[in-house]
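Worksheet: one structure, shown below.
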């Protein structure tokens, strides 16, 4: 167990999982109103397109949840993550399933679990890593927000609207943040 104080609380984890789910729904709804060719168009983003960015996000969530909650890890490596799932409808179903599972996990997270270190093998860094869970949880949710921001910009540039993206403007997130 790490001597580092707990950085996040179970309420933070539940709040961010709720935010993750709400924002993914908004982004997928907006992207779903675009033509498939528009979603796949290379637009200069790190993962190229809206579709590629969505795939990478799902891949990364699966990797982290394989560490946090014993999910099956994706069969492909990070550099290929933009091609995780080819069909948009299938990708959306996988995203919705992942978001429900992340929220379920978040509801089970407690202070004792958060206070422990996490050890895993990183294929990207080619080695075993041990880190306190608090900063890893912050990274997990920050990574989602970072790439969703990219997806939001790509969707907006394609002419579609996603609705509010600020945490305090999404009622279900505020409710999660204020309930015990």
Using label points projected 7 Å from each Cα along Cα→Cβ, tell me how many nm separate residue 89 and residue 161, to one decimal. 2.8
Could you give the length gained by full extension between residue 76 and residue 146, i.e. 0.36 nm per residue of separation minus their alpha carbon distance, to one decimal place? 23.0 nm
Angle between the chain longest axis and helix 10-32 axis [Cα atoms, degrees, rounded to 10]: 10
Net lengthening on full extension, residue 112/residue 131 (0.36 nm per residue, minus Cα-Cα): 5.3 nm
Candidates 20, 142, 55: whichever shows maximal mean-square fluctuation once the chain is modelled as a Gaussian network with Cα springs under 10 Å: 142
In degrees, nearest ten, helix 50-69 long axis to first principal axis of the chain (Cα): 20
Starting with the highest mean, order 29-39, 120-130 by the number of other Cβ atoms within 10 Å, averaged over the residues of each peptide. 29-39, 120-130
Using a Gaussian network model of the chain with C-alpha springs under 10 Å, which one of 139, 51, 152 is most mobile by mean-square fluctuation? 139
By how many nm would the segment from residue 174 to residue 11 lengthen if fully extended, with 0.36 nm per residue of separation less the alpha-carbon distance? 57.6 nm
Rounded if a/c is under 1.5, else prolate if a/b is larger than b/c, else oblate: which is the stretch 10-178, with a ≥ b ≥ c the root eigenvalues of its Cα gyration tensor? oblate
Approximate spin-label separation residue 97-residue 29, in nm, with each point projected 7 Å along Cα-to-Cβ: 2.3
In degrees, nearest 10, the alpha-carbon axis of helix 133-157 is tilted away from the dominant principal axis of the alpha carbons of the chain by 10
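Where a number appears in this text, it was derived from the coordinates with a stated rule and is not lab data. Keep in mind that what you see is a predicted model, and the values were worked out from it rather than measured. Reconstructed Cβ throughout: ideal geometry from the backbone, glycine too, with neighbour counts over all protein chains shown.
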